[in-house]
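**Q** Sharing a structure below in structure tokens format, with a few things to ask.
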Amino acid sequence: MATRIFVPSDTTARALGADAVAAAIEREALARKIDLELVRNGSRGLFWLEPLVEVETSAGRVAYGPVRAEDVGGLFEAGLCSGAARHASFQGRPEDIPFLRNQQRLTFSRVGLGDPLSLDNYIELDGFRGLSRALTMAGEDIVRWVTESGLRGRGGAAFPTGIKWRTVLDTPSPLKYVVCNADEGDSGTFADRLVMESDPYMLIEGMIIAGLAVGATQGYIYLRSEYPLAQRVMNEAIERAHAAGYLGEGIRGTSYRFDLEVRLGAGAYICGEETALLESLEGKRGMVRVKPPLPAVKGLFGQPTVVNNVLSLAAVPFILDRGPGAYADSGMGRSRGTLPFQLAGNIARGGLVELAFGATLRELLYDFGGGSRSGRPLRAVQVGGPLGAYLPESQWDTPLDYEAFAAMSAMLGHGGIVAFDDTVDLRQQARFAMEFCAVESCGKCTPCRIGSTRGVEVIDQLDADPEGNRVLLEELCETMTDGSLCAMGGMTPYPVLSALRQFPEDFTADREPCGSREPV
Amino acid sequence: MLHIYEPERDYATPAPLPEYSAGYAALEVVELTIDGRPVAVPQGTSVLRAAALAGINIPKLCATDALEAFGSCRLCLVEIAGRKGYPASCTTPVETGMAVTTQTGKLARLRRNVMELYISDHPLDCLTCAANGNCELQDMAGAVGLREVRYPEGGENHLQAERDHSNPYFSFDPAKCIVCSRCVRACEEVQGTFALTIAGRGFASRVAAGAEQPFIASDCVSCGACVQHCPTATLMENSIVEQGQPEHSVVTTCAYCGVGCGFRAEMKGEQVVNMLPWKNGGANRGHACVKGRFAFGYATHPDRVTTPMIRAAIDQPWQVVSWEEAVAFAAGRLREVQQQYGRNSIGGITSSRCTNEETYLVQKMVRAAFGNNNVDTCARVCHSPTGYGLKMTLGESAGTQNFDSVDEADVVMVIGANPTDGHPVFASRLKRRLRSGARLIVVDPRRIDLVQSPHIRADYHLPLRPGTNVAFINAMAHVIVSEGLEDRAFIEQRCDQAAFREWLQFIREPSHAPEQVAAVTGVDAEALRAAARLYAGGGNGAIYYGLGVTEHSQGSTMVMGIANLAMLTGNIGREGVGVNPLRGQNNVQGSCDMGSFPHELPGYQPIGDDGVRSQFEGAWQVELDPEPGFRIPNMFDEALAGNFRALYCQGEDIAQSDPNTRHVEAALRKLDCLIVQDIFLNETAKFAHVFLPGASFLEKDGTFTNAERRISRVRRVMTPLAGKADWEATMALSNALGYPMSYQHPAEIMDEIASLTPSFRGVSYTRLEQQGSIQWPCNETACEGTPVMHVDEFIRGKGLFVVTEYVPTEEKVTRRFPLLLTTGRILSQYNVGAQTRRTANSTWHAEDILEIHPHDAGDRGIGEGDRVSIGSRVGETTLRASLSERVQPGVVYTTFHHPVSGANVITTENSDWATDCPEYKVTAVEVRRTTAPSAWQQAHSEFHQEQQRLLKGGPGEVSRDAAEKA
């Protein structure tokens, strides 16, 4: 029997040398006349261990990581094929790695287990069970299940998905669309990419179910152009799903139809905002639209449209398979189910952590993340992307819950968590927030278009008139928060004001210059 | 009368329109409170508009009621009880029970701080700014109480951005741009050209024409909508930059095409500073085109002749004389001619550019003072078949709809018209409707812009061969009848059954099948069938047509064929349907209405009818000749025969606009007395003995009637340069002829018209003041006028199907003349170009060009820009050629806006069988490369120079001196 070895194929693993590792394993096996079956699986999201090589043994899979190409010879020597524990990179059974073991993977349960493009593998791992059930249900009932699951928009706005679907369902139109927002642009985020590169059929299944639920027959995945691999994987998966009768006319022998296409963005962060995304998808300039009308009523090409984030749609197959209760059982308060957090920045163990709502930031940072990568004390954490607040340690015990975060002028957003150690200069970070907004503003509304540029200038000039410019900066933040057309300008003040208020020492004229702290 | 300058009230967002489905349901009324005041507005109204309607002014910059709400400026933020945040009132629709607060300390701070951001990137040069006194940014800065800009000096800005002066009429100063996108949206939503965009993003966002080109090099058609809607001095009329803000304005009506746009002439004293489209203009709804908006400078052009002149012969220099002398001279000549050659030896031509009142007076003078019916008008050469054909079939010589009707059309068929060039403001309305889903069929030999342009694509373009209209329209009807798509109930209830049965038998003949006529028309049979199905079955079907229908040997037949088709499908008598001639000149409808035809008195009442005639005889206190007089072509023929010796021609340049120029010129040279009344010494005036200086539309009171039968006021904004309005000149001539006229004001003439014309019975200046405009018929049964005609029954009672046998034109291609020339218009120029050529509009079209298909050009060795000779059996001229696939192989195309082009040297005297309307659209020609102007062009040039000498007195004086010495 052939020896089955898994080498992840997602962008992170590849960036860390997975392709060279895979080639080395093939060479080594050939030289050693080992009957090898090399599987390029997806990543399990344990990025600090990538490339994480796994071998199938009679006792289950055994993992080694991180593996470099030059380690491969030694690995074989050390009994890789039998899952021996002799090599330094030996990690044991992957499911026993605490980082993974302590998660509650509902959405990401399948990720990294097999060849992402293998339909058989997907079906074997409970894939398309949600769809099978959905095909027997009325749209009305699918929407009800999604509502009952408590699923909220995972793109960041946390709007109840079921209510959005209900609006589309109730808006009569011969043509409706499902649009997947895969313009994952938040700093430190990668969960969407991981879904698309490592479990693409799950997204396809979620979108088909959404189509069935609301009566849409065409779906688009709006994918950021910076994800070429995700594009290739998704396109191939769509083609295979089509060939297998999951997409197109008469899904699985029913009378339902659903078509799906991937469309590439052009590098604008604002196109992750749903109305700008729709404009871009229509071939126009990515400008934010006013609401109302809601996209659910008048969306893509003026038709009722579901616009959901990858993670929202990816959560749907589980809900349809196991029932709304199985999903709603996790979580706290009005935040039901799980959120795939993404640990990044100055963190020892970066990667994907899917957890039920209710855990704390501190658990994430230390129990999962293992503290800073630099070894210095952590000082600030930005949660929810570039528009998220900078949280000082005093706030790290707040439960990870939409409402709890909103209460402290912060947000969970898309679950991106970027950690900073004590060398961070929060004044520079505040400036960066304004600068980011200035670079990425679509330019439609005045507070964002002019305000972000002025924000950078005022922060630069803080020392010239500390009193006056601080008032000016706070008023500018107020103008942007209350006056902007969309969340881009409206939330830029979060990182700015949180930095200003939680880290005031970085804003004094006689502050310690950045980076002058002693190394530990 | 509106005489006090005050910008028109802006309600910030458009009135809500319900979704259209088989008629508009009334909108529900929503009740809410704004600042504690109860307000009731239709559902779908924005909070901002509701407030404006209630007289509550919420600050705003990006909102204007001509454009959809955009929500970018964030000045109109309000607080709404029970809602979080500060929603923009422009994009928030009213809801029942809503409690809106528009002024709080918090809102004041937000608005002031937003304004501070604006001003942090805006020049502080208000006192020297062209928009000073008419700047919304300035107004809003005042309204929100901005007192300082606190942002650090030296921040990023656009203050040094380069200006664009490439357009002759307006300038673009990006330094003053607040990126409200009103210009971009106006270009898209109102004009439909999509020439503007925002380039860059974030702080770098800036308005750009095309691909960041100079305006003149972009797709911009210079309609001025962007300038009109710019709230700052960013886009500004050069006239205002140069002269300052106007101090008063007068509402009047454009003197260009048959759309009849309402304008506010914005004035400084007697000087027009700006022409701003009037929001309440029934025809244009606040929009304009490059002609009406900007090309008014001709009115004060140095070429204006402002004194009466006479001369004994056309090789004599002009003598400047007083009005009395000129009129006495003219009257004496006319009477001499009549004494010598008989009462019928003189006649008159009324103008489609002058007012209704003036036209009425000229025909009255011809009939009453000349004592004959030798009166005709330029409609002879454009839409006379419309008058004839629609009168025959429907009962009235006019289009059936108003322009608003297009908003409810589901299928639009444009036949032989090029609205984006000829009727641009209507074209914008049409394109707006097309963008929102109406289907389009274009029937035209050329691929006009409507076939494909930004966000517009015709479902079917049927490029038929010139001259085969009737074969085409019969095939359309044949398909509808043979496939059972006709509206039987409509035909049964509304149409004459006997005539229908006869017609049905005719149209069923297999020879009309599209497959049969394809060989003649060149139109693909399947495409024609599909188009017919669409027109018959696609909902409200509306036909719009132009001179491509009328200017043919079967022009009248085609008009009747169109009416047949509309009746066959029940597409008549309600909004969204109808037969809509797009009339050419500003008052061509009016000139026809006013009795300009030899056989018809005002209101199309036959001169031969004793009852009608006696009524006029009673009113005019004169005996009228019951016999119809000469039509224009008869006048020329009779002149050459020596029977017609004198002509009074008001505001019409027959020497340039009528076909077979050499024939026309020969006829004019034969006249003993030609009296020309015009604002310029036009081509015809070069053959004249008396020149009476005319008054432009800015110099007189009166009314114009547009293509939708809309009578609109023309108001005098400046004193006539020559001292008399045209109606006063006609009066003087009539009085000199011994037929007294003594009107004090055109209103009195309109009263006389109303008293003698049933369809005008209710029209008066008082009512026009009240209503703004009136669509005739306006009488006892329709006292506010009639936007849509033939609603419950046709004017003639039962609609009459007329058999329309296709008879090919005699003008056929031969080995000698293998190409077909067809003629048309271009956006920037108007008709003979006398007005537009004397404005900067020539920037866009400095000469007439021959469009030729690359195949035909290749066969003849013709390259882009080559001078080519175009010869027909009657004449030859030369133009520069442009290779274009807009025309099909075998067809060449040009315009006739420049006299030296001599387009009508080539066109023949072939004409419509019923009305003598010339067949301008079909002339067999040959085209070849050449280097020299044609013989006619050389002669024209010499004659022109000679006439200029005779006008200026100098060399003319010399020659007279020389003659005396001799």
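FYI, it's all coordinate maths here, none of it is from the lab. Keep in mind the model is a prediction, meaning the values are calculated, not measured. Don't worry about glycine lacking a Cβ; one is built from the backbone with ideal geometry, like all the others, and counts go over all protein chains shown.
**Q** Would you calculate, for chain B, the mean residue ellipticity at 222 nm contributed by helices, counting each DSSP H stretch of 4 or more residues as -39,500 (n - 2.57) and dividing by all residues, to the nearest 500?
**A** Values: 31 runs with 287 residues, N = 966.
After summing the helix terms and dividing by residue count, I get -8500 deg cm²/dmol.
**Q** I would also like to ask the following. Just the number, please: Stokes-Einstein D of the range B:265-393 in µm²/s, Kirkwood Rh from C-alpha pairs, 25 °C, 0.890 mPa s. Walk me through the intermediate numbers first.
**A** Values: Rh = 18.8 Å.
Using the Kirkwood radius from Cα pairs, D works out to 131 µm²/s.
**Q** Sticking with this structure for a sec: Among the lysines, which fall within straight-line cross-link reach of B:Lys268, defined as a Cα-Cα distance under 20 Å, with same-chain neighbours fewer than 8 residues apart omitted?
**A** The reachable lysines, counting only those whose Cα sits under 20 Å from B:Lys268, are B:Lys700.
**Q** Under 20 Å Cα-Cα from B:Lys670, which aspartates and glutamates qualify once same-chain neighbours fewer than 8 residues away are excluded?
**A** Counting by Cα, and skipping residues close in sequence, B:Lys670 has these aspartates and glutamates nearby: B:Asp315, B:Glu336, B:Asp376, B:Asp637, B:Glu638, B:Glu652, B:Asp653, B:Asp658, B:Glu683, B:Glu909, B:Glu942, B:Glu946.
**Q** Over the range A:232-288, how many percent of alpha carbon pairs lie in each 10 Å bin up to the one with the longest distance?
**A** Per 10 Å bin, starting at 0, the Cα pair percentages come out as 23, 31, 30, 15, 0.
**Q** Given +1 on the Cβ of Lys and Arg, -1 on the Cβ of Asp and Glu, and no further charges, what dipole in debye does the range B:771-869 carry about its Cα centre, rounded to the nearest 20?
**A** In debye, rounded to 20, the range B:771-869 gives about 320.
**Q** So what are the radius of gyration and Dmax for the Cα set of the range B:212-336, in Å?
**A** 20.2, 66
**Q** So, one more: For the range A:416-489, report the translational diffusion coefficient in µm²/s to the nearest whole number, using Stokes-Einstein at 37 °C, 0.692 mPa s, and a Kirkwood Rh over Cα pairs. Numbers along the way, then the final one.
**A** Values: Rh = 12.8 Å.
So the translational diffusion coefficient is about 256 µm²/s.
**Q** Take A:Lys444, B:Lys391 and order them by how many other Cβ atoms sit within 10 Å, fewest up front.
**A** Numbers: A:Lys444 33, B:Lys391 19.
In order of increasing Cβ crowding within 10 Å: B:Lys391, A:Lys444.
**Q** Which loop trypsin sites (Lys or Arg not before Pro) in the range A:14-77, with loop taken from DSSP, have no more than 10 other Cβ atoms within 10 angstrom of their Cβ? Intermediate results must be reported in sequence, preceding the final value.
**A** Working: sites: A:Arg14, A:Arg27, A:Arg32, A:Lys33, A:Arg40, A:Arg44, A:Arg61, A:Arg68; in loops: A:Arg32, A:Lys33, A:Arg40, A:Arg44, A:Arg68.
Sites meeting the loop and neighbour criteria: A:Lys33.
**Q** Can I ask one more? Relative to 2.2 N^0.38 Å, what does the C-alpha radius of gyration of chain A come to as a ratio? Two decimals please. Can you show the working numbers first?
**A** On the way: Rg = 23.7 Å, N = 520, 2.2 N^0.38 = 23.7 Å.
So chain A has a normalised radius of gyration of 1.00.
**Q** Work out how far the C-alpha atoms of the protein assembly as shown reach from end to end along every principal axis, then list the three figures in whole Å, largest first.
**A** Each principal axis gives a Cα extent; for the protein assembly as shown these are 131, 76, 65 Å.
**Q** Also: Short version: what are the Cα gyration tensor semi-axes of the range A:354-396, square root of 5 times each eigenvalue, largest first, in whole Å?
**A** On the way: eigenvalues 52, 44, 19 Å².
Semi-axes from the Cα gyration tensor: 16, 15, 10 Å.
**Q** Would you please report the Å³ per residue occupied by the convex hull of the alpha carbon atoms in the range B:682-819?
**A** 240
**Q** Based on alpha-carbon centroids, what's the gap between the range B:845-863 and the range A:303-322 in Å, whole number please?
**A** 60
**Q** Please report the orientation-averaged projected area of the range A:373-421, defined via the convex hull of its C-alpha atoms, in nm². It would help to have the intermediate numbers written out before the result.
**A** Details: hull surface 13.2 nm².
Over all viewing directions, the range A:373-421 projects a mean Cα-hull area of 3.3 nm².
**Q** Would you mind calculating the relative contact order of the range B:503-652 from Cα pairs under 8 angstrom and at least 6 residues apart, reporting the percent as a whole number? Please list the in-between numbers first.
**A** Values: 113 pairs, mean separation 18.8, N = 150.
Result for the range B:503-652 is 13 percent.
**Q** Please work out the C-alpha center-to-center distance from the range B:205-258 to the range A:32-63 and express it in whole Å.
**A** Value for the Cα centre distance between the two parts: 69 Å.
**Q** Please identify every one of the trypsin sites (Lys or Arg not before Pro) in the range B:138-214 that sits in a loop by DSSP and has no more than 10 other beta carbons within 10 Å of its own beta carbon.
**A** Values: sites: B:Arg147, B:Arg150, B:Arg163, B:Lys176, B:Arg182, B:Arg185, B:Arg201, B:Arg206; in loops: B:Arg147, B:Arg150, B:Arg163, B:Arg201.
Those that pass, being in a loop and sparsely packed, are B:Arg147.
**Q** Semi-axes, largest first, in whole Å: what does sqrt of 5 times each Cα gyration tensor eigenvalue give for the range B:553-710? Before the final figure, lay out the partial values.
**A** On the way: eigenvalues 190, 90, 72 Å².
Result for the range B:553-710: semi-axes of 31, 21, 19 Å.
**Q** Kindly give Rg over Rh for the range B:525-641, based on alpha-carbon atoms, with the Kirkwood expression for the hydrodynamic radius. Write out the running numbers ahead of the final one.
**A** Details: Rg = 19.3 Å, Rh = 17.4 Å.
My calculation of the ratio gives 1.11.
**Q** Another one. Taking only pairs that are 8 or more places apart or on different chains, how many Lys pairs in chain A have Cα atoms under 17 angstrom apart? Let's see the in-between values first.
**A** Details: A:Lys164/A:Lys176; A:Lys164/A:Lys291; A:Lys164/A:Lys298; A:Lys176/A:Lys298; A:Lys284/A:Lys298; A:Lys284/A:Lys444; A:Lys291/A:Lys444.
Here the count comes out as 7.
**Q** In square nanometres, what is the average projected area of the Cα convex hull of chain B?
**A** Numbers: hull surface 166.4 nm².
Computed as one quarter of the Cα hull surface, the answer is 41.6 nm².
**Q** Can you put A:Asp19, B:Asp848, B:Asp609, A:Asp199 in order, fewest other beta carbons within 10 Å first? Don't skip to the answer; put the middle values down first.
**A** Working: A:Asp19 16, B:Asp848 22, B:Asp609 13, A:Asp199 29.
In order of increasing Cβ crowding within 10 Å: B:Asp609, A:Asp19, B:Asp848, A:Asp199.
**Q** Name the lysines eligible as straight-distance cross-link partners of B:Lys952: C-alpha to C-alpha under 21 Å, and not fewer than 8 places from it in the same chain.
**A** Those lysines meeting the cut-off are B:Lys686, B:Lys965.
**Q** Filter the GluC sites (Glu not before Pro) in the range B:97-162 to those in DSSP coil with at most 16 other Cβ atoms within 10 Å of their Cβ, and list the result.
**A** Working: sites: B:Glu116, B:Glu136, B:Glu148, B:Glu153, B:Glu156, B:Glu162; in loops: B:Glu148, B:Glu153, B:Glu156, B:Glu162.
Passing both the DSSP loop test and the Cβ count: B:Glu148, B:Glu153, B:Glu156, B:Glu162.
**Q** Based on the alpha carbons, how large is the Rg to Rh ratio for the range A:95-182 when Rh follows Kirkwood?
**A** Result: Rg/Rh = 1.03.
**Q** Sort B:Ser764, A:Ser441 so that the residue with the fewest other Cβ atoms within 10 Å of its own Cβ comes first and the one with the most comes last. Provide the component values of the computation, followed by the final result.
**A** On the way: B:Ser764 17, A:Ser441 30.
Ranking B:Ser764, A:Ser441 by Cβ neighbours within 10 Å, fewest first, gives B:Ser764, A:Ser441.
**Q** Could you tally the net charge around A:Glu205, taking each other residue with its Cβ under 14 Å from the Cβ of A:Glu205, Lys/Arg +1 and Asp/Glu -1? Numbers along the way, then the final one.
**A** On the way: positive: A:Arg110, A:Arg129, A:Arg133, A:Arg240, A:Arg252, A:Arg322; negative: A:Asp126, A:Asp199, A:Asp321.
In short, +3.
**Q** Could you calculate, for the range B:361-408, the ratio of the Cα radius of gyration to the Kirkwood radius, expressed as Rg to Rh? Please list the in-between numbers first.
**A** Details: Rg = 15.2 Å, Rh = 13.0 Å.
On the Cα set of the range B:361-408, Rg over Rh gives 1.17.
**Q** Counting pairwise Cα distances across the range B:634-704, what percent come out greater than 13 angstrom?
**A** Values: 1578 of 2485 pairs.
The share of Cα pairs beyond 13 Å in the range B:634-704 comes to 64 percent.
**Q** Looking only at other chains, what is the average number of their beta-carbon atoms within 10 angstrom of each beta-carbon in B:152-162?
**A** Other-chain Cβ atoms within 10 Å of each residue's Cβ, averaged: 3.
**Q** Here is a further query. Starting from a Cα-only point model with no solvent, please compute log10 I(q)/I(0) by Debye for the range B:354-485 at q = 0.09, 0.16, 0.17, 0.20 1/Å.
**A** Normalising to I(0) and taking log10 leaves -0.39, -1.01, -1.09, -1.32.
**Q** Work out how far the C-alpha atoms of the range B:582-627 reach from end to end along every principal axis, then list the three figures in whole Å, largest first.
**A** For the range B:582-627, the Cα spread along each principal axis is 35, 17, 13 Å.
**Q** Let me know the whole percent of all Cα-Cα pairs from the range B:62-219 that are separated by more than 18 Å. All intermediate terms of the calculation are to be shown ahead of the outcome.
**A** On the way: 8163 of 12403 pairs.
Result for the distance tail: 66 percent.
**Q** Taking 4 °C and 1.567 mPa s as the conditions, I'd like the Stokes-Einstein D for the range B:194-285 in µm²/s, using the Kirkwood hydrodynamic radius from alpha carbon pairs. Let's see the in-between values first.
**A** Numbers: Rh = 15.0 Å.
Here the translational diffusion coefficient equals 87 µm²/s.
**Q** Okay, moving on. Give the percent of DSSP beta bridges with both residues in chain B that are antiparallel, rounded to the nearest 5. Display every interim value, and only then the final one.
**A** Values: 63 of 108 bridges.
Just about 60 percent of them are antiparallel.
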